[in-house]
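Here the structure is laid out as structure tokens; the discussion comes afterwards.
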Amino acid sequence: MLTLQSDAVSLNRHAEGWRDALEQAGRALVDGGLAEQGYGEALFEREQQSSTWLGNGIAIPHGTPASRDYVKTTGLRLLQFPQGVEWHDGNRVHLLVTIAAQSDEHLDILRRLTHVIDREGVAEKLAAADDPEEVIALLSKAPVEARFDGDTIISKVPARSTLELAAVAASRLNQLGCVDTTFLADVLASEPVALGQQLWLTRSATGVATPALALALPESPVEGVAGLFCLAESGDGHRALLDRLIGVLEEGRGEELSRLSREALLSRLSGESASAETAKVRVRNAHGLHARPAKQLVQVARNQPLAVRVRLADGGAEPVSAASLTKVIGLGARRGQMLIFSAEGDGAREAVDAMAEALRGGLGEEVAPLGETSDARPSRNRTTPREPVPAPQADTPLAAVPASPGMAIAPVFVMRPPEFHYEETAADPARQKSRLGEAIGEANTQLAGMIAGSGGEVAEILSMHEEMLSDPELEQAAGEAIDEGASAEAGWWRAIDVAARAQEALADRLLAERAADLRDVGRRVLGNLCGVQMPDPPDHPYILVTDDVGPSDVARLDTQRVRGILTARGGATSHSAILARSLGIPAVVGAGESIMALENGVELILDGERGRAIPAPNSERRARTELSIREREKLEREAFEVRFEQAVTEDGHRVEVAANLGNTAHAEDAVERGAEGVGLLRTEFIFMAHPEAPDLDTQIAEYRRAFDALGDRPLVARTLDVGGDKPLDYWPVPPEDNPFLGLRGIRLALTRPEVLETQIRALLMAAESRPLRIMFPMVKDVEEFHAAKAIFDRVQAEVAAPDVQLGVMIEVPSCALLAPSLAEHVDFFSIGTNDLTQYTLAIDRGHSRLSAQADGLHPAVLALIRMTVAAAHARGRWVGVCGELGSDPQAIPVLTGLGVDELSVSSRQVPLVKQRIRRLSLDRSRALAERVLTLSTAAEVRALLEEELT
Ligand code: PEP
Ligand code: MG
């Protein structure tokens, strides 16, 4: 997606007429280094073909496809004409959004613009804006629609309760990247509610990246349960979808939903009536449904005697009027996506057929069949073998990213992509085509056999592979390559690769991931052609070692046998990681290429807690690991029994253990798990759950809920921490090159002091006389703290709350280095080790390749923690740790030894963390902390701790 910088906006322009305005626009692109001179001409050419006026005072001049060679870099220039310019079609233009585009990236812009001009008053605001940032902020508001599509419907779930269905539905949303694991935890902790008509609903606003609705349908009848909806809510994105679901229930047609095909279900919940005539057509225009073809399509719709509606088959949104240009462009339909036209009444069939016909005909553009994109680059044959990399050494820990907790010992099964050797060319096309036909037939038989032997989601994915295989376009494309002299193998792989690349180019992440399925199917056929067997996993328990696990691979995993997953690539947020967590399988990801050279059957220790894999462990290490697996199970049981007791070391030193929360509704659960308070309330999640900043009363109610659940236990609330990786829809931040180093945390909050003031007021009012601790995030020095404290002081003078402390989070190294100067003014510190590690080691905490090295046990981070504690204790202040490090079993003794007074961890971890502390001695922990501080790398620290703690 293109992002805008303020230098792309030029305000307060004046033009003699539309030609002058267009010339200015062309010059702005050239001066901005986006295009060469000739592009200005192309803007006129394009305008002559048809007007680029979009509506509500906006025109979007852009060049013709032939002029793309003049484009140096894809980008935009926005020119504002406050007095307006009369356009050649008689309309008045106030804003020119001039586009230089090398590919179809401008579709995103168009899509965004159509949503902008659909919103009341925004076009006027654009015309009147006197600050470039304001224009950018207005244009940056991406539309949010709740996702509900073929991929969020999960049928044949082998579940026996609503909770199991909820787990599956929430995991699916997690796999699709709509929610994070806190959503999963939240859903699992709440009871689904009955909607009536055997339908159930579970919902949460925690950890929602994209609003979405999943539906899980049981494989065999479950009493009183025909299906369960799982709603990830955020802002208003889900409202329309929920209303439509309620509409279906009000019609008394809820129960029948579970019996409908996936397509009919989508249609019903999109608001399409059951009696509507529909037609499905795939968009084949090279650059999707951009302005020109969209105009033609709209024209066809307007010529129909009745209303025609259109929607994306995979979009999940309501159908829109096919006669509205902004709505049609707003679909953002790209090449390869399927559109569904619908109409009702006399002549509906003819109308939708006319629409389908027009789209098939290209709407005035030449259209190539899918799989023949003109810009497809020569393919790298993915079947070529990799450069050999030596296998990791026996009995040597390999550090990677801990992705799913738990430990396992088992022989490995390395899922290597098979190697295929074949001739590229052949002189006998007829024979090659018949070989290909046979290989496809054989693949079909194999898939049918596998489907018969499987069930649930696995069968579904394999059936999808069958469907892919029966796509005539694939065989046809391969046939054409064979006619040009390719062998059956080369022709087939070319067809697969081109189709997979087209799929990868789709904007929808999940559709793009289907490319992996296509290659999977392609390899099956290739295997048949070359006589190469696909690898079969062993029938005993094993640890799966693979390059990366795609969704279909995981669906095929036999969870009875797979004891763990180790991947060469991917980060903690990769599919493999997310899927493993949802399946409860220990996983370590991003371990590097060398693991692919492991011999099948080699025994491996997988440590999902510490993010390590140890091949061929010696017998002592093996015995130690077995012991720790048993120990962990025992510890978990014991810990839960004594969860309400304090965490006191053997030699009488107490460490408080509190819970991290993102949702005040979970405070009760935290107390139930033994938390001695809330050590970090991530208040931004409360803000994210609302379509606009929650007002004073809403916030008071939210915070009061936590105080009520906590009784006299303290609540540490972090003030709004947005920006960086946590954008807030209604508080747009201009695009930044380094958002983590930009306007985030307290820096952003201080730009709107009134928001911070309301939040502090709400916290103080909700607390009354109960213990409240307020802390500011991302503070870099005492100056920033004072700026925030000034707001606090103002409010505190008005609202009396007797038990309040004010602190800062130690997340930026400067703050730890200057802790003595801060300790003088604060009541406490809470160390956010996630950010402190990222900023100390200069490693993005979410980086897919580097995040394994972002280890909070790095001696540099530990040294900063020591400085913080020393400065705080010298002034009688307390120090907590609220980052992930607080629940790392190896870190607990070190943090205790460093003198940290409180650990705040996820609620589920509270009992275990308490129990681990009870087994420590303060003296030994201190000595251990001193020793690790003399080391030079995180690996050395972990190695020493491994030795000392096992
Ligand atoms: C941290 O940075 O360690 C922290 C607790 O804050 P967050 O993870 O919310 O950024
Ligand atoms: Mg942080």
Only Lys, Arg, Asp and Glu count, each charged at its Cβ (+1, +1, -1, -1), so figure out the dipole size of segment 6-140 about its Cα centre, rounded to 20 debye.
-> 140 debye
Relative to the Cα centre, what is the charge dipole magnitude of the chain, using +1 at the beta carbon of each Lys and Arg, -1 at the beta carbon of each Asp and Glu, and rounding to the nearest 20 debye?
-> 880 debye
Compute the distance in nm between two label points, each set 7 Å from the Cα along the Cα-to-Cβ direction, one at Q476 and one at K156.
-> 3.0 nm
Candidates per GluC sites (Glu not before Pro) in segment 164-270, loop by DSSP, up to 15 other Cβ within 10 Å | E219, E223, E251
Phi-based couplings in Hz for segment 664-669 (Karplus 6.51, -1.76, 1.60; Gly and Pro marked x) | 5, 5, 8, 5, 5, 4
For segment 840-950, whose charge dipole is built from +1 on Lys and Arg Cβ atoms and -1 on Asp and Glu Cβ atoms, the candidate among S907, V861, L933 with its Cα farthest towards the positive end is S907
Fraction of antiparallel bridges per DSSP, segment 6-140 only, in percent to nearest 5 = 70 percent
Rounded FRET efficiency, nearest 0.05, which uses the C-beta distance separating T698 from L11 and R0 of 30 Å = 0.25
Cross-link reach from K634 to lysines, straight Cα distance under 25 Å and at least 8 residues apart if same chain, gives K914
So which lysines pass the test for K789, namely a Cα distance under 22 Å, with those fewer than 8 places away in the same chain ruled out?
-> K780
Treating each Cα of segment 619-724 as an identical point scatterer and ignoring solvent, apply the Debye formula and state log10 I(q)/I(0) at q = 0.17 Å⁻¹.
-> -0.85
Debye log10 I(q)/I(0) at q = 0.12, 0.22 Å⁻¹ for segment 150-269, Cα point scatterers | -0.36, -1.33
The chain - share of DSSP beta bridges that are antiparallel (%, nearest 5) = 45 percent
For segment 864-881, what does the Karplus curve 6.51 cos²θ - 1.76 cosθ + 1.60, with θ = phi - 60°, yield as ³J(HN,Hα) per residue in whole Hz, taken in order and with x for Gly and Pro?
-> 5, 5, 4, 4, 5, 5, 4, 5, 5, 5, 4, 9, x, 9, 9, 10, x, 10
Amide H partners (placed H, <5 Å) of A647, local residues excluded = V655, V657
Would you mind computing the Rg to Rh ratio of the chain from its alpha-carbon coordinates, Kirkwood style for Rh?
-> 0.98
Mind checking segment 665-761 for GluC sites (Glu not before Pro) that DSSP puts in a loop (not H, G, I, E or B) and that have at most 14 other Cβ atoms within 10 Å?
-> E692
How many nm is it between the label spots at E467 and R908, if each spot is 7 Å from the Cα in line with the beta carbon?
-> 3.2 nm
Quick one: with all protein chains in place, what share of the accessible area of the chain is carbon or sulfur, to the nearest percent (1.4 Å probe)?
-> 49 percent
Using eta = 0.890 mPa s and T = 25 °C, Stokes-Einstein with Kirkwood Rh from Cα pairs puts D for segment 231-280, in µm² s⁻¹, at 208 µm²/s
Treating the beta-carbon of each Lys and Arg as +1 and of each Asp and Glu as -1, no other charges, what is the dipole magnitude of segment 150-269 about its Cα centre, to the nearest 20 debye?
-> 220 debye
Positive-end residue, segment 613-723 charge dipole about Cα centroid, Cβ charges, pick of P615, A670, L696 = P615
Would you mind computing Rg(Cα) / (2.2 N^0.38 Å) for segment 792-950, counting N as its residues?
-> 1.08
Skip the ligands, DNA and RNA, and give the accessible area per residue of the chain with a 1.4 Å probe, whole Å².
-> 41 Å²
In straight Cα distance, which aspartates and glutamates are under 20 Å from K125, not counting same-chain residues fewer than 8 positions off?
-> D7, E86, E133, E134, E692, D729
Between the DSSP loop rule and a limit of at most 16 other Cβ atoms within 10 Å, which GluC sites (Glu not before Pro) in segment 1-71 are left?
-> E16, E36
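The values are calculated or read from the model by the stated rules, or taken from the named source; none is laboratory data. Note that this is a predicted model, so its numbers are computed, not measured. FYI the Cβ positions are ideal-geometry reconstructions off the backbone, even for glycines, and counts take in every protein chain you see. Heads up: the accessible areas ignore ligands, DNA and RNA and are worked out on the full protein's heavy atoms, side chains in. Shrake-Rupley method; radii C 1.70, N 1.55, O 1.52, S 1.80 Å.
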